[in-house]
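What follows draws every value from the coordinates through simple rules; no lab data is involved. Model, not experiment: these values are computed from the prediction. Quick reminder, even Gly has a Cβ in these numbers, built from the backbone with ideal geometry, and neighbours come from all protein chains shown.
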Amino acid sequence: MSFTSLNYHIVFSTRERVAWLSSAQIQAVCQYIGGILRNTKGCLLASNGMPDHLHLAASLHPQTNLSDCLRDIKAGSSHWLRKEDAALEGFSWQDGYSAFSVSYSGLDKVISYIQSQPEHHKKLSFEEELIVLLKKHKIDYDPKYVFG
């Protein structure tokens, strides 16, 4: 028998960080993403975002590949958004994503962070926020590839 606790804080933005999404669209697409995760035996623990990016706290099934899961989430949700709202005809997500592993004991803090996105972004831009997260998790990056 195997026992796992595979929790992630996932962040991805709209293509070129264009502010496409209203708060109602953010809530709706997060619910849709929750369904995608349930279909892979995963669980969306928290979600929120801003017009140009989303944050997810998710628990994945041990047989689920993170990269494949994010590909399916982004492809499925962008298709769904374009179908639901004609004004989003040109919508797409960025090619990449950021994912940070989260211990079970740290989930409450990450969930609180995700739920407070609007307040958080009164002080930091998405770019500044992502740099803080990358540094916090000691991930090397080159800004020209992160924001280029």
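I'd like the distance separating the alpha-carbon centroids of segment 11-55 and segment 105-123, in whole Å.
15 Å
Once amide H atoms are built 1.01 Å from N in the peptide plane, which residues 5 or more positions from G49, or in another chain, come under 5 Å H to H?
H55
Please give the charge dipole size of the chain, origin at the Cα centre, charges +1 on K and R Cβ atoms and -1 on D and E Cβ atoms. Round to the nearest 20 debye. It would help to have the intermediate numbers written out before the result.
Numbers: 15 positive and 15 negative charges, 54 e Å.
The calculated dipole for the chain is roughly 260 debye.
Where in segment 43-75 is the amide nitrogen less than 20 Å from a point lying 7 Å along the Cα-to-Cβ axis of Y104?
43-46, 57-64
Just from the alpha-carbon atoms, what are the Rg and Dmax of segment 36-102 in angstroms?
When restricted to the Cα atoms of segment 36-102, Rg and Dmax are 12.5, 37 Å.
From the helices alone, meaning DSSP H stretches of at least four residues, give me the mean residue ellipticity at 222 nm for the chain, per-run term -39500 (n - 2.57), in deg cm²/dmol to the nearest 500. Intermediate results must be reported in sequence, preceding the final value.
Numbers: 6 runs with 64 residues, N = 148.
Mean residue ellipticity at 222 nm (helix-derived): -13000 deg cm²/dmol.
Quick check: pseudo-label points 7 Å beyond the Cα along Cα→Cβ at E127 and Q94, how many nm apart are they?
1.1 nm
Can you work out D for the chain in µm² s⁻¹ from Stokes-Einstein, where Rh is the Kirkwood radius over C-alpha pairs, the temperature is 4 °C and the viscosity is 1.567 mPa s? Kindly include the intermediate steps, with their values, before the conclusion.
Numbers: Rh = 15.8 Å.
In µm²/s, the coefficient is 82.
Which pairs, out of K83/K123; K41/K74; K41/K135; K83/K135; K83/K144, put more than 28 Å between their alpha-carbon atoms?
Working: K83/K123 34 Å; K41/K74 17 Å; K41/K135 31 Å; K83/K135 37 Å; K83/K144 33 Å.
Pairs exceeding 28 Å: K83/K123; K41/K135; K83/K135; K83/K144.
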